[in-house]
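Below: one structure, written as structure tokens.
Each value in this text was obtained by applying a stated rule to the coordinates, not by laboratory testing. For clarity, every value in this text was computed on a predicted model and none was experimentally measured. Note that each Cβ is placed from the backbone with ideal geometry, even for glycine, and that neighbours are counted across all protein chains shown.
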Amino acid sequence: MFVTFPEPVIPERLRLGKSLVVAVDGPSGSGKSSISKAVARRLGLAFLDTGAMYRALTWHCLNGRINLENAAAVEAAARTVKIEQSLTPDGDFVRVNGINVTGPIREPDISKAVSAVATNLGARRELVRRQQEIIAQCGSRIVVEGRDITTVVAPRAEARLILTASEEARLRRRGLQLGGSQTQAQLREQVVGRDAKDATVVDFQRAADGVYTVDSSELDFEETVDAVINVVRRSVNEGPAA
Ligand SMILES: Nc1ncnc2c1ncn2[C@@H]1O[C@H](COP(=O)(O)OP(=O)(O)O)[C@@H](O)[C@H]1O
Ligand SMILES: Nc1ccn([C@H]2C[C@H](O)[C@@H](COP(=O)(O)OP(=O)(O)O)O2)c(=O)n1
């Protein structure tokens, strides 16, 4: 059974105030998680990494020897697994049925397998439902990042943007992040190869109507955070992108 998050995970100060949902989509390695966390910290908002939920479900299936090709079994697993994760930008934990999987869900075996789960439409439906529930539990004051947040999970978010960067920048950043543990071919498969598979079910490369784009190829980390905050301000003051 999916159990709602215990209240103390979302401090009251992050839940109070006017609705401000910031929806961030983009390809692998574009900076969604790290930049979104920094933005949530600056704006005093909760934070949801939806990719971690797809990774957690993938870990659960592999751990339970559920065949990822068996769409009905994966969908059933999505409905029954209990996933708990930190909802503040300063926390970093993910638990699956009470097991701490914070580290394991970032391992290359999960990165390799996760697209099989992310392209399961029944599993997506269930995770989207949970994500919308979490947004409501956070008083709609949250930065949410993933691949279908601007279009499916929170199409009415106060601010919606695609965070992107050139393929070269994304490969370089992911390589640095993984401390040089991966060959160039492995990195390419995990970043470019995975995006190609995921793009068969969600369009996260192109901004939908009203969605802003921030390209961080030529920006450093802090400049990118500033650019996203500017988009949030502009969205709130002037509305969606023209
Ligand atoms: N503008 C930037 N300049 C330099 N490094 C960045 C920038 N944006 C993100 N990074 C770094 O790139 C790496 C990948 O970012 P991450 O947030 O994991 O991407 P995603 O969630 O989109 O896959 C991280 O180590 C992050 O700190
Ligand atoms: N809202 C989302 C979030 C992630 N996914 C998929 C896409 C990715 O292959 C996996 C893991 O996402 P994650 O954001 O952790 O991926 P990165 O390694 O940061 O690129 O889940 C999705 O289909 N929809």
For region 7-237, using Cα atoms only, the Rg and Dmax in Å read 16.7, 50
Between residue 80 and residue 218, Cβ-based FRET efficiency (R0 35 Å, step 0.05) works out to 0.15
FRET efficiency (residue 206, residue 102; Cβ distance; R0 25 Å; to 0.05) is 0.20
Taking r as the C-beta separation of residue 196 and residue 12 and R0 as 35 Å, the FRET efficiency to the nearest 0.05 is 0.25
Partner lysines whose C-alpha sits under 21 Å from that of residue 18, ignoring same-chain residues fewer than 8 away, are 37
Net charge near residue 211 (other residues with Cβ under 15 Å of its Cβ; Lys, Arg +1; Asp, Glu -1) is -2
Given backbone amide H placed at 1.01 Å from N, residues whose amide H is under 5 Å from that of residue 146, ignoring those fewer than 5 places away on the same chain, are 24, 25, 26
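Net charge near residue 102: determine it from the other residues with C-beta under 12 Å of the C-beta of residue 102, scoring Lys and Arg +1 and Asp and Glu -1.
Cβ neighbours under 12 Å give a net charge of -1.
What does the convex hull of the Cα atoms come to per residue for region 135-242, in Å³? Provide the component values of the computation, followed by the final result.
On the way: hull volume 13.5 nm³, N = 108.
Residue-normalised Cα hull volume stands at 125 Å³.
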